[in-house]
Amino acid sequence: MSNEERDPQEVVGEPMHDAKDVLVLAPREVPLGGPRAMTVRRTLPHRDRSFVGAWCFVDHYGPDDVAATGGMHVPPHPHTALQTVTWLFEGQVEHHDSGGYHAIVRPGEVNLMTAGQGIAHSEVSTEDTQRLHGVQLWVVLPEADRDLPRRLQHFAAPESALGEGVHGRVFVGSLAGADSPIETATPLLAAEIRLEPGADWQVEVDPGFEHAVLLDDGDVTLEGAALESGALAVTDPGRASLHLTSEQGARIVLLGGEPYDEEIVMWWNFIGRNHDEVAAYRAEWEAGSDRFGDVQGYDGGRDRLPAPALPNGPLRSRRREGPTLVE
């Protein structure tokens with residue numbers, strides 16, 4: 001999915017501190033995809049947290065009535081040095097990319113695309129999609145792997161019982177005995193989890209991971225911190241388990257990963273290591289460079305999404321930088 005066409009150096013909204021050692025990040029709304037932009041709720045990146053593990057971008061959208069909103073229609077656009085993860089709750093999205101891959105993403109099925117040294121892709125909700133609802137996630141590739149070849153991985157995650165009154169689909173990594181074959185450059189976790197009304201779930205997790213819980217629907221607390229819809233609650237490494245409860249029932253996305261400590265510049269759809277590198281990527285995209293290749297199969301009346309203008313000043317780098325936690 002394409003980042004918003006405004007200054008991406010803007011930070012995401014204000015944090016809310018609800019419980020000891022849990023940072024709750026409120027989302028902000030941003031438009032994506034150019035002239036036919038759809039609106040999403042973004043929690044990463046944030047001024048208090050750039051990454052959760054190597055997860056560097058969290059967008060949450062829908063449920064949207066496609067007849068009213070037009071759904072998703074993102075023309076071919078570029079990426080570098082990252083992996084994109086598409087996960088749907090409702091609807092279907094058709095994917096084409098310059099690696100020659102084509103896929104229909106359905107609820108319960110994950111698309112993980114590796115951009116590496118450069119890729120272009122399009123994303124369009126299918127004609128029979130009536131409601132569109134899901135998350136779009138990015139993973140930053142570490143320095144050693146940022147030039148990986150183009151690749152698309154697709155996996156239909158089976159539903160598993162993860163605890164009493166808790167079911168879910170693990171689409172990256174491992175959790176509560178459920179595993180995904182999706183390959184990532186750094187250790188990661190991603191799962192859609194449904195908690196039944198009254199659920200009280202203590203789940204073992206990797207103590208070397210940071211974790212984050214995104215509330216999609218219902219009510220949930222993480223370690224006593226209550227979330228509002230669309231908020232992202234973050235915990236630091238050191239926990240061997242997470243405690244979640246729900247009174248009315250909830251659907252959440254649980255993310256995790258080893259802390260990512262490298263410094264990056266993240267602007268529009270590019271990740272680089274400094275301003276000049278990202279500016280060069282932009283120039284190559286605008287010039288039609290072979291770095292990004294051509295997307296075959298997209299028929300949207302527009303060849304590509306143009307890059308926005310660079311800001312007047314140098315692009316700022318991002319590091320994990322410890323979050324502001326309640327002491």
From the gyration tensor of the Cα coordinates in the range 101-151, what semi-axes in whole Å does the equivalent ellipsoid have, largest first, with each one equal to sqrt(5λ)? 26, 12, 9
Can you give me the relative contact order of the range 203-278 as a percent, contacts being Cα pairs under 8 Å and 6 or more apart? 35
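If you count only protein heavy atoms with a 1.4 Å probe, what accessible area per residue comes out for the range 16-175, rounded to a whole Å²? Don't skip to the answer; put the middle values down first.
Values: 5200 Å² over 160 residues.
Result: 32 Å² per residue.
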Could you tell me the distance between the Cα centroids of the range 131-196 and the range 88-108, to the nearest Å? 15
With Cα atoms, 0 to 90° folded angle of helix 275-286 axis to the chain main axis: 60
Name the most mobile residue of R49, R194, R239, meaning the one with the largest mean-square fluctuation, in a Gaussian network model of the chain with Cα contacts below 10 Å. R239
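Where the accessible area of the chain is counted over protein heavy atoms with a 1.4 Å probe, how much of it, in %, is carbon and sulfur? Let's see the in-between values first.
Details: 5490 of 12650 Å².
Summing carbon and sulfur atoms, their accessible area is 43 percent of the total for the chain.
Computed over the Cα atoms, what is the radius of gyration of the range 153-227 divided by 2.2 N^0.38 Å, N being its residue count? Working shown, then result.
Working: Rg = 12.7 Å, N = 75, 2.2 N^0.38 = 11.3 Å.
Working it through for the range 153-227, the quotient is 1.12.
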What is the spread of the Cα atoms of the range 213-303 along each of their three principal axes, largest first, in whole Å? 54, 36, 19
Relative intensity, log₁₀ I(q)/I(0), of the range 170-327 from a Debye sum that treats every alpha carbon as a point, q = 0.21 Å⁻¹: -1.24
Per-bin percent of Cα-Cα distances, the range 19-129 [5 Å]: 2, 10, 18, 23, 22, 14, 7, 3, 1, 0
Over the range 254-327, what lengths in whole Å, largest first, do the semi-axes of the equivalent ellipsoid take, defined as the square roots of 5 times the eigenvalues of the alpha-carbon gyration tensor? 31, 17, 12
Cβ-placed point charges (K, R +1; D, E -1), dipole of the range 60-133 about Cα centre in debye, nearest 20: 200
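List the relative contact order of the range 177-316 as a percent without decimals, with contacts defined as Cα pairs under 8 Å and 6+ residues apart. All intermediate terms of the calculation are to be shown ahead of the outcome.
Numbers: 229 pairs, mean separation 35.0, N = 140.
Dividing the mean separation by the residue count of the range 177-316 yields 25 percent.
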Apply the Karplus curve 6.51 cos²θ - 1.76 cosθ + 1.60, θ = phi - 60°, to the phi angles in the range 140-150 and return the couplings in whole Hz, x for Gly and Pro. 7, 7, x, 3, 5, 10, 6, 10, 4, x, 4
Can you tell me the dipole magnitude for the range 173-307 around its Cα centre, using point charges on the Cβ only (Lys, Arg +1; Asp, Glu -1), in Debye to the nearest 20? 260
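Where the convex hull is taken over the Cα atoms of the range 214-255, what is its projected area averaged over directions, in nm²? Don't jump to the answer; show the numbers that get you there.
Numbers: hull surface 11.2 nm².
The Cα convex hull of the range 214-255, projected and averaged over all directions, gives 2.8 nm².
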Sort the following peptides by mean Cβ neighbour count (other Cβ atoms within 10 Å, averaged over residues), highest first: 170-179, 263-272. 263-272, 170-179
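Express the relative contact order of the chain as a whole percentage, based on alpha carbon pairs under 8 Å and six or more residues apart in sequence.
The normalised contact order for the chain reaches 21 percent.
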Debye calculation, C-alpha points only, no solvent: report log10 I(q)/I(0) for the chain at q = 0.09 Å⁻¹, in the same order as the q values. -0.42
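The values are calculated or read from the model by the stated rules, or taken from the named source; none is laboratory data. Since the structure is predicted, the reported quantities are computational estimates derived from the model, not experimental observations. Every residue, glycine as well, gets a Cβ built from its backbone with ideal geometry; the counts of neighbours run over all protein chains shown. These area figures cover heavy atoms from the full protein model, side chains too; ligands, DNA and RNA do not enter into them. Shrake-Rupley method; radii C 1.70, N 1.55, O 1.52, S 1.80 Å.
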